[in-house]
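Peer 1: The structure's right below; bear with me while I get my questions together.
Rule-based calculations on the coordinates, nothing more; no lab input. If you're wondering where the values come from, they're calculated on a predicted model, not measured in any experiment. So basically every Cβ, Gly included, is an ideal-geometry build from the backbone, and we count neighbours across all protein chains shown.
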Amino acid sequence: MIHILDYKTDNIVAFLENQLEDAVHLRNMDLEETFRFEWPVNDEKAEYIVGRNRIVIPDDKTGYREFIINELEKDADNVIAYCSASFLDLKKQKIISPTTLTGQTVNTAANWVLSGTEWQLGVTDYSGIRQITFEYMNAYDAILQVKETFGCEISFRIEVDGNEIVKRYVDLVTRLGKFDGKEVTFGKDLSGIRRKINYDNLVTSLVCIGPEKEDGTRLTVTVENEAARQRWCRDNGKHLVALYEPEPSDQTMTIQKLTSLGLTELNKRIMGAIEYEVEQVTLDSVLGLEHEKAFFADTLRIKDLHYVPPLYLEARVTEVERPILDTSQKTYKLGEFVEYSQDEVMRMS
């Protein structure tokens, strides 16, 4: 069942259940979150499927997710609603003027950004004290700048009491999801898994450029990976190189910090973008997770038998697409891989 809320009052105006079709929820680590569904156009409840009305659906774990109808299609049989996550409305709820805040914690900076909006700060992890500078921007971009400045991961959620949304929370934590030591084997247990590699952004060197300082100068540093150059580059020996500008603007940037950020980014780009996709029914049967399933942002261990010697990885559930009418058809995408050698795995075991 999904709930439709009036866009002005948040009052529930309709429940959709039996005639609901093609109801699919997508969520990924890039903060893309959408929901689409179909409903018979001649049913009396179709009058409530209008632009800006809000949709509340059950989360796949606990709680609920909230969306706003932002696009509609109609044919002779159905109305098709395309909905975006309600947290994107932060773009329209507040404009931040150029400001520098000193001596900030993640709590004080986030509370400053969210004040005057429909959202409030939820769960946080302490992430030190920072200075943060905002240019003209909306509240959504500003809270993402808080996230980047303090090195947090962000999640938006709602709290429901009865049939009413009572709170909208922004969580800023060190890491979303959990890791319980779950392990899968690609090429054996998960023979039906799809493995994709994209080499478009592969490089072996980055020219890192810091933010512009008050005097107009910018720090620059070049980071390189020699092993990657020997593996991927042509015989002329030249690196595959790209520019990299860390976000956000940090006026206190040092050569050491810029180098560290550059090396972290380079390590993500020297192997190509690897992505695994697997259906929930397969993943659950392998992990024995009928009662304890993997969820968005959780971490898994993968052994890839296509490599000799075997390749050991840790990966996160970076995207979940779930038809809410048939949860067995849920699919995961896995990303954010950390590679380990066989010796490293033996030392950790």
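Peer 1: Kindly put 25, 239 in sequence by how many other C-beta atoms sit within 10 Å of each C-beta, fewest to most.
Peer 2: Details: 25 22, 239 17.
Exposure proxy ranking, most exposed first: 239, 25.
Peer 1: Would you mind counting up the charge near residue 48? Only other residues with Cβ under 11 Å from its Cβ, with Lys and Arg at +1 and Asp and Glu at -1. Working shown, then result.
Peer 2: Working: positive: 45, 54; negative: 6, 43, 44, 47.
Counting the neighbours of residue 48, the net charge comes to -2.
Peer 1: Let me ask another. So which trypsin sites (Lys or Arg not before Pro) in segment 3-87 end up in coil per DSSP with only 16 or fewer other C-beta atoms within 10 Å?
Peer 2: Details: sites: 8, 27, 36, 45, 52, 54, 61, 65, 74; in loops: 8, 52, 61.
Here the sparse-neighbourhood loop sites are 8, 52, 61.
Peer 1: Around residue 265, with a cut-off of 14 angstrom between Cβ atoms, what is the net charge of the other residues, counting Lys and Arg +1 and Asp and Glu -1? Can you show the working numbers first?
Peer 2: Working: positive: 257, 268, 269; negative: 148, 224, 245, 247, 336.
Counting the neighbours of residue 265, the net charge comes to -2.
Peer 1: Order these by the 10 Å Cβ neighbour count, fewest first: 312, 340, 136.
Peer 2: Values: 312 21, 340 16, 136 10.
Fewest-to-most Cβ neighbours within 10 Å comes out as 136, 340, 312.
Peer 1: Going by the alpha-carbon gyration tensor, a ≥ b ≥ c the square roots of its eigenvalues, is the chain rounded (a/c under 1.5) or, if a/c is not under 1.5, prolate (a/b greater than b/c) versus oblate?
Peer 2: Working: a/c = 2.05, a/b = 1.24, b/c = 1.66.
Oblate, because a/c is 1.5 or more while a/b does not exceed b/c.
Peer 1: Given only helices, namely DSSP H runs of n ≥ 4 each adding -39500 (n - 2.57), what is the per-residue ellipticity at 222 nm of the chain, to the nearest 500 deg cm²/dmol?
Peer 2: Numbers: 6 runs with 57 residues, N = 349.
Computed ellipticity for the chain at 222 nm equals -4500 deg cm²/dmol.
Peer 1: Excluding residue 325 itself, calculate the net charge of residues whose Cβ lies under 9 Å from the Cβ of residue 325, where each Lys or Arg counts +1 and each Asp or Glu counts -1.
Peer 2: After counting each charged neighbour, the total is -3.
Peer 1: Towards the positive end of the charge dipole of segment 1-141, with charges on Cβ (+1 Lys, Arg; -1 Asp, Glu), say which of 108, 87, 15 has the farthest Cα.
Peer 2: Of the listed residues, the answer is 108.
Peer 1: Sticking with this structure for a sec: What nm distance separates the two modelled labels at residue 111 and residue 328, each placed 7 Å from Cα along Cα→Cβ?
Peer 2: Once both label points are built, they end up 5.0 nm from each other.
Peer 1: Nearest-5 percent of antiparallel DSSP beta bridges in segment 205-269? Walk me through the numbers before you get to the answer.
Peer 2: Details: 5 of 9 bridges.
If we restrict to bridges inside segment 205-269, about 55 percent are antiparallel.
Peer 1: Any chance you could run the full-extension gain for residue 44 through residue 241? It's 0.36 nm times the residue separation minus the Cα-Cα distance, nm to one decimal. Don't skip to the end; give the middle numbers.
Peer 2: Details: separation 197, 0.36 × 197 = 70.92 nm, distance 5.91 nm.
Extending this stretch completely gives an extra 65.0 nm.
Peer 1: Kindly put 209, 132 in sequence by how many other C-beta atoms sit within 10 Å of each C-beta, fewest to most.
Peer 2: Values: 209 17, 132 24.
The fewest-first ordering by Cβ neighbours comes to 209, 132.
Peer 1: Something else: By DSSP, what percent of the beta bridges with both residues in the chain are antiparallel, rounded to the nearest 5? Write out the running numbers ahead of the final one.
Peer 2: On the way: 79 of 92 bridges.
Once the DSSP bridges in the chain are tallied, antiparallel ones form about 85 percent.
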